[in-house]
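K.L.:
Sharing a structure below in structure tokens format, with a few things to ask.
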Amino acid sequence: MLYFAPWKITLILGIALVGIWFAAPNFSPLPGQTVNLGLDLQGGSHLVFEVDLEGVKDERLSGLSQEANVLLRQQPTIPTAANAVIGEEVVIRIARAEDFDEAYTRLQGLSRPIGDSATGLTGGLAPRNVEFDRDDTERTIRVQLTEAALVDIRDRTLAQSIEVIRRRIDGAGTTEPTIARQGDERILVQVPGESNPQRIIEIVGTTARMTFHLVREDVAVGADGQGRTPPGVRIVPQDNLSEPFIAIERRAMVSGENLTYAGSTFQEGQPVVEFRFDTTGAAAFGRVTAQNVGRRFAVVLDDIVISSPVILGPILGGSGVIQGNFTFESAYDLAVLLQAGALPADLTVVEQRSVGPGLGQDSINKGRIAVIIGFIGVIIFMLAAYSVFGVFSNLALMLNVTLILGALSGLQATLTLPGIAGIILTIGMAVDANVLIYERIREEARNGRTPANAIERGYSEALSAILDANITTLIAAGVLYMLGAGPVRGFAVTLGIGILTSVFTAFVFSRLLIAMWVKGLKPKKLPI
């Protein structure tokens with residue numbers, strides 16, 4: 001029967017009102033969230049970064065060289081005549097011929113299974129990270145990274161870089177950025193609405209490796225930073241014009257890897273960056289500061305000292321602040337960098353384009369015209385084909401578009417130009433459901449059923465076909481969202497939301513309208 005319990009009517013109307021409430025700010029000056037527009041609609045920054053994979057490979061080879069030293073220094077020690085990274089391999093020359101076989105055996109400890117995602121293999125079945133080439137005559141062992149190891153380095157470095165970039169940009173307060181791998185060495189970054197692309201470059205491109213070192217006041221750095229340094233000391237530039245260079249101990253007190261929190265705040269009216277260490281970092285920081293009260297320590301970010309305060313007392317709580325010549329924005333950006341973590345490789349901007357809002361506004365206007373034309377065409381067709389029932393269908397269609405906009409506003413999803421296409425497609429799909437229902441009602445009426453019975457049968461018999469069509473489309477939208485990026489995701493979002501709202505408005509809301517019409521007028525014959 002066409003009976004709706006009071007709670008069902010309340011629920012249906014409540015959903016409609018909530019959708020209207022969230023959609024209203026898009027059409028009026030009412031306070032609330034509006035739909036986020038994508039890069040193609042509101043403009044923004046388009047950047048392509050190239051990842052320094054060669055640098056990562058060199059670091060890996062340097063690490064292998066150090067590991068080889070550790071293995072050869074195990075008792076009994078095997079002396080070497082040379083151990084250096086030459087080109088793309090580690091070259092190790094053993095000093096004594098009688099130690100050569102033992103050295104080769106020990107160095108096998110450098111070989112480990114990769115077990116990367118590309119092979120899905122682990123343990124003995126996985127490819128190894130290094131391969132060896134021995135020359136017994138020259139007593140030389142060459143260690144090279146395998147092709148599988150190079151692929152693993154590339155894939156892991158790109159994946160880690162994308163994740164760090166995403167955390168940094170999200171922390172900077174932007175909405176719905178597009179961050180995706182492009183080829184084997186590049187990362188695409190699109191930030192809608194960002195009027196200052198240089199800020200994005202600074203946030204994304206900074207490596208953000210932070211360490212804490214003790215300052216060596218007893219070392220003369222020289223005016224140009226070329227002073228002689230004792231072992232274990234290095235001279236680094238300082239972000240301070242009154243003291244451009246400073247000498248610090250090479251060994252770090254504690255690393256930024258031990259940070260668990262970083263945020264910007266004010267102290268004595270000046271912007272500062274507060275930080276907090278994990279248990280390991282807090283213990284190390286507390287121990288060093290307790291032993292060096294009165295000395296200065298340097299906060300080093302990417303080999304530049306950004307602050308060098310005096311240790312006034314033991315810092316035992318595992319937290320502190322970084323003071324410097326910060327503005328509020330620079331303190332906030334530094335906190336974002338530290339909170340997101342360090343990049344695994346350096347990034348270089350290879351492409352930078354600014355998309356102006358004029359092109360976006362033109363796209364919006366054309367998209368709006370397309371929606372209006374399609375909407376009017378559908379309204380006219382439904383009125384001509386189904387008379388009064390076409391009115392109910394058009395009311396449901398208007399609510400459908402309103403619910404889509406309300407959902408996009410409430411979820412703060414991004415509307416792109418393909419997303420507008422998704423809305424237009426949704427309009428057609430919503431009407432398709434009504435056509436199925438009305439044609440079934442018309443068929444039942446021709447078979448002699450009463451108006452109420454024909455309407456009830458029409459809705460119940462068409463339900464399975466409507467669900468089948470919409471569920472399969474919803475699955476396709478889900479696959480597009482999971483595997484796509486940028487505009488493709490925008491299309492998938494609007495299509496997915498549109499499918500859900502279409503089923504609600506075409507099957508539930510329009511049915512409520514028809515039930516109220518039948519109850520009020522009690523027609524003897526259906527005008528369909």
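The values are calculated or read from the model by the stated rules, or taken from the named source; none is laboratory data. Remember, predicted model here, so these are calculated numbers, not experimental data. Glycine gets a Cβ as well: all are built from the backbone with ideal geometry, and neighbour counts include every protein chain shown.
K.L.:
Yes or no: A515 surrounded by 19 or more Cβ atoms within 10 Å (Cβ to Cβ) and in contact with a helix residue (DSSP H, G or I) (Cβ under 6 Å, 6 or more places away or on another chain)?
P.N.:
Here the answer is no, as A515 does not meet what is asked.
K.L.:
Taking the criterion of being assigned by TED's automatic domain parsing to the domain that holds F27 and under 30 Å from G43 (Cα atoms), would at least one residue in region 435-455 satisfy it?
P.N.:
no
K.L.:
Which members of region 412-441 meet the condition of being closer than 20 Å to Q33 by Cα and without any contact (Cβ under 8 Å) to a residue 60 or more places away in the chain?
P.N.:
none
K.L.:
Let me ask something additional. Does P6 meet the test of being without any contact (Cβ under 8 Å) to a residue 12 or more places away in the chain, under 30 Å from D362 (Cβ atoms) and surrounded by fewer than 17 Cβ atoms within 10 Å (Cβ to Cβ)?
P.N.:
no
K.L.:
I would also like to ask the following. Just give me the residues in region 109-134 being at pLDDT 90 or above and either touching a Pro at 6+ places or on another chain (Cβ under 7 Å) or exposed (fewer than 12 other Cβ atoms within 10 Å of the Cβ) (or both), in sequence order.
P.N.:
Answer for region 109-134, where residues must be at pLDDT 90 or above and either touching a Pro at 6+ places or on another chain (Cβ under 7 Å) or exposed (fewer than 12 other Cβ atoms within 10 Å of the Cβ) (or both): just D133.
K.L.:
Would you point out which residue out of A407, A370, A396 is under 42 Å from the mean Cα position of the chain (by Cα), assigned to a helix (DSSP H, G or I) and under 14 Å from A506 (Cα atoms)?
P.N.:
When all the criteria are applied, what remains is A396.
K.L.:
With (1) surrounded by fewer than 14 Cβ atoms within 10 Å (Cβ to Cβ); (2) modelled with pLDDT under 85; (3) part of a helix (DSSP H, G or I) as the list, and L41 as the residue in question, which single condition is left unmet?
P.N.:
In the conditions (1) surrounded by fewer than 14 Cβ atoms within 10 Å (Cβ to Cβ); (2) modelled with pLDDT under 85; (3) part of a helix (DSSP H, G or I), L41 misses (1) alone.
K.L.:
Same structure, new question: Mind listing whichever residues of region 13-67 are of a type in the set (D, E) and touching a Pro at 6+ places or on another chain (Cβ under 7 Å)?
P.N.:
Scanning region 13-67 gives a single hit, D40.
K.L.:
Looking at (1) small (G, A, S); (2) surrounded by fewer than 15 Cβ atoms within 10 Å (Cβ to Cβ); (3) in contact with a helix residue (DSSP H, G or I) (Cβ under 9 Å, 6 or more places away or on another chain), which is the only condition A284 fails?
P.N.:
A284 satisfies all of (1) small (G, A, S); (2) surrounded by fewer than 15 Cβ atoms within 10 Å (Cβ to Cβ); (3) in contact with a helix residue (DSSP H, G or I) (Cβ under 9 Å, 6 or more places away or on another chain) except (2).
K.L.:
Next question. Which one of E50, E59, E67 is without any contact (Cβ under 8 Å) to a residue 60 or more places away in the chain, closer than 27 Å to R154 by Cβ and under 30 Å from the mean Cα position of the chain (by Cα)?
P.N.:
Unique residue meeting the criteria: E59.
K.L.:
Scan region 84-103 and report the pairs whose first residue is closer than 16 Å to Q66 by Cβ and whose second residue is surrounded by 13 or more Cβ atoms within 10 Å (Cβ to Cβ) and acidic (D, E), with Cβ atoms within less than 8 Å and a gap of 6+ or a chain change.
P.N.:
So the pair list comes out as V85/D58.
K.L.:
Taking region 444-458, which residues are assigned to a helix (DSSP H, G or I) and out of contact with any helix residue (DSSP H, G or I) (no Cβ under 8 Å at 6 or more places or on another chain)?
P.N.:
R446, E456
K.L.:
Give the residue, chosen from R251, R234, that is surrounded by fewer than 18 Cβ atoms within 10 Å (Cβ to Cβ), in contact (Cβ under 8 Å) with a residue 12 or more places away in the chain and in a strand (DSSP E or B).
P.N.:
Testing whether each residue is surrounded by fewer than 18 Cβ atoms within 10 Å (Cβ to Cβ), in contact (Cβ under 8 Å) with a residue 12 or more places away in the chain and in a strand (DSSP E or B) leaves just R234.
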